[in-house]
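Below: the structure, in structure tokens.
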Amino acid sequence: MPILAGDYNIRGDETEFETSQQQMSESEIFSNTSGASSGNSSDSESDSGLSSSVESNLKPVQKPFTLKSKPCPRPVHVHKTKHLQKTPHAANAKPDEFQFLDRIHDLLMEDGVREHTNIKNKVLEFQHPEELKTKLNFEVTENGESDDELLNLCKTTIKYSIKTGHPNMYNQLGAGGFDQYGVAGSWLTDTMNTSAYTYEMAPVFTLVEASILKKMRSCIGWENGNGDGIFAPGGSLANMYAINLARHKMFPEIKKKGMHACKPCCVFVSSQCHYSMMKSCSFLGMGSDNCIGVKCDEQGKLIPSELEKAIEKAKSEGLAPIAVLATAGTTVIGAFDPIEEMAEIAEHNNLWFHVDSAWGGGALLSKKWRYLLKGIERADSVTWNPHKLMGATQQCSAFLTKHEGLLQSAHSYNAKYLFQKDKFYDVSYDTGDKTIQCGRRVDCFKLWLSWKARGDAGFEKKIDQAFDNSRHLADRCRTTPGFRLMLDPECTNVCFWYIPPSMRGQEETPEWWAKLNKVAPTIKQRMMEKGSLLVCYQQHEQYVNFFRMVVISDRCFTKDMDFIIEEIDRLGCDL
């Protein structure tokens, strides 16, 4: 189909985002205007006193760097910066050797933050791969390049990257808007550049991780936040930890002797679970065939009676069931499995019960929507990705379990060069041996900083807003000609078809549905080429291609939901 003719603005109207959030000073970007308290003031005085004490006992070669509350006076626009000469490299290091970081900071603030989140700009500047190869020099050279050249590369990289903080970005579950505190936390942890395996290498981050994991366990409903946990590089690995712990608890000898130490193990999942469940069974040597999918109802929820049948069938075939795995917020339609009923079945059969709430876990922070996860406190373990519904900066995924010591038992091998038992401090804070990793990125700090800034109330407001926006969009799909809901939303996924005028009022034959199957991909192409919007489409089971809207960002309002309806109609009305 031809691209829609006409050249019009992406958005012509003012929005609440533009007036209340976009135009903030540089000092406001890094200040907690919503969570200021006397405690913050006290911390500031304490830091100031420490700095004064240190300075009185040291004689630095140059004036020490101190943080100031007012904006840095250097220019923001890269082309106006005073540092235009080539920066000396390490061989000729001088006191201003870090000026590249000053310049990249200015670029990130202007192009990467302010322009990135401006609703009047495009969501993307799409280029086909062969076209994009001509925009940047991807080759690494023998002698390196100047800072000016590197800065231009960074500027071009930002230009052709997806603006995930843009209010019209709805393509993935991780498109959660722009969290300034999370970004600041990521900058800090990247600057510190440490690994979170031992307290001696990451003292503050180790305590931050312990604190935030305890907070999350409390949200789940485990008494006093007791239990254990670890931040993992994604929900897929967190789900693998759950299956491995379930197996280790039932057959601990497998850790040394392998799968020959027991009968073939199996787990039970929703037929609409995340594909990481099958991958985990494959990687753990159980085989993906032993990740048994259980039938779901029309709303995408696992049917408990079918689970009971599947468990009995597996036992009769000589398999060893080890776990029941529920999903709280399926990837496509956002369905929540019946957690309490599944917990009852798991307990009756002495099986580990895991809840994959990577997507829907954030609803635990909302008094209005927490009921969707009723019974989650009965789980043995939980996966929760704050980088999804909570909108934390990527990546941020936690594995949580009520069983203290089991992560250590299942995964530790006590490397003597890292986890010495005769250290002079409390070695229980050397948490790295709980994971399958050695080096481990610090993913907890950005979430902790954001949670400190927003508080429980701030996250509750954000999540309630996302649900409210999704319900408004669903209502628009019900009442706007040419739009049809696939099913009522349970999480903030809104799945719908757009039916062009030429197809309305016709008999819906197989040929009609085959034609409708081509509509969403064509509109997706047009919206990407225009850069106005980014919404995912897909097929699902018996359904032909439909749009799957994922509403997360608190930079979106009901008027933005209206724009989605209007823009899709503009892009597809001639089909």
Query raised in the report: Quick one: how many residues across the range 441-453 are out of contact with any helix residue (DSSP H, G or I) (no Cβ under 7 Å at 6 or more places or on another chain) and either over 13 Å from V208 (Cα atoms) or not in a helix (DSSP H, G or I) (or both)?
Result: 2
**Report entry** For S450: the one exception among (1) in contact with a Phe, Trp or Tyr (Cβ under 7 Å, 6 or more places away or on another chain); (2) over 30 Å from D562 (Cα atoms); (3) polar (S, T, N, Q)
**Finding:** (2)
Report task. Tell me which residues, restricted to the range 491-503, are modelled with pLDDT of 95 or more and either among the hydroxyl-bearing types (S, T, Y) or open to solvent by 30 Å² or more (accessible area, probe 1.4 Å) (or both). Result -> Y498, P501, S502
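For every residue, the table says whether it meets (1) touching a helix residue (DSSP H, G or I) at 6+ places or on another chain (Cβ under 7 Å); (2) among the basic types (K, R); (3) on the phi > 0 side of the Ramachandran plot.
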site: Q127; (1), (2), (3): no, no, no
site: K135; (1), (2), (3): yes, yes, no
site: T141; (1), (2), (3): no, no, no
site: G144; (1), (2), (3): no, no, yes
site: D147; (1), (2), (3): yes, no, no
site: L151; (1), (2), (3): yes, no, no
site: I158; (1), (2), (3): yes, no, no
site: T164; (1), (2), (3): no, no, no
**Report entry** Those residues of the range 443-474 which are of a type in the set (A, V, I, L, M), more than 24 Å from V494 (Cβ to Cβ) and open to solvent by less than 10 Å² (accessible area, probe 1.4 Å), in sequence order
**Finding:** L447, A453
Requested in this report: Determine whether the range 525-541 contains at least one residue that is closer than 26 Å to I162 by Cβ and acidic (D, E).
Outcome: yes
Query raised in the report: Which residue out of T164, T141, T198 is open to solvent by less than 10 Å² (accessible area, probe 1.4 Å) and in a loop (DSSP other than H, G, I, E, B)?
Result: T198
Query raised in the report: Would it be correct to say that D228 is open to solvent by 10 Å² or more (accessible area, probe 1.4 Å), touching an Asp or Glu at 6+ places or on another chain (Cβ under 8 Å) and of a type in the set (D, E, K, R)?
Result: yes
Report task. Count, please, the residues in the range 369-414 that happen to be of a type outside the set (D, E), open to solvent by 30 Å² or more (accessible area, probe 1.4 Å), in a loop (DSSP other than H, G, I, E, B) and out of contact with any Leu (no Cβ under 7 Å at 6 or more places or on another chain). Result -> 9
Query raised in the report: Residue check: is R555 closer than 24 Å to Q394 by Cα, touching a Ser or Thr at 6+ places or on another chain (Cβ under 8 Å) and touching a residue at least 24 places away in the same chain (Cβ under 8 Å)?
Result: yes
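The values are calculated or read from the model by the stated rules, or taken from the named source; none is laboratory data. Note that the structure is predicted; figures quoted are calculated from it, not measured. Please note: Cβ atoms are built from the backbone with ideal geometry, for glycine as well, and neighbour counts cover all protein chains shown. SASA here: full protein model, heavy atoms, side chains in, ligands and nucleic acids out. Shrake-Rupley method; radii C 1.70, N 1.55, O 1.52, S 1.80 Å.
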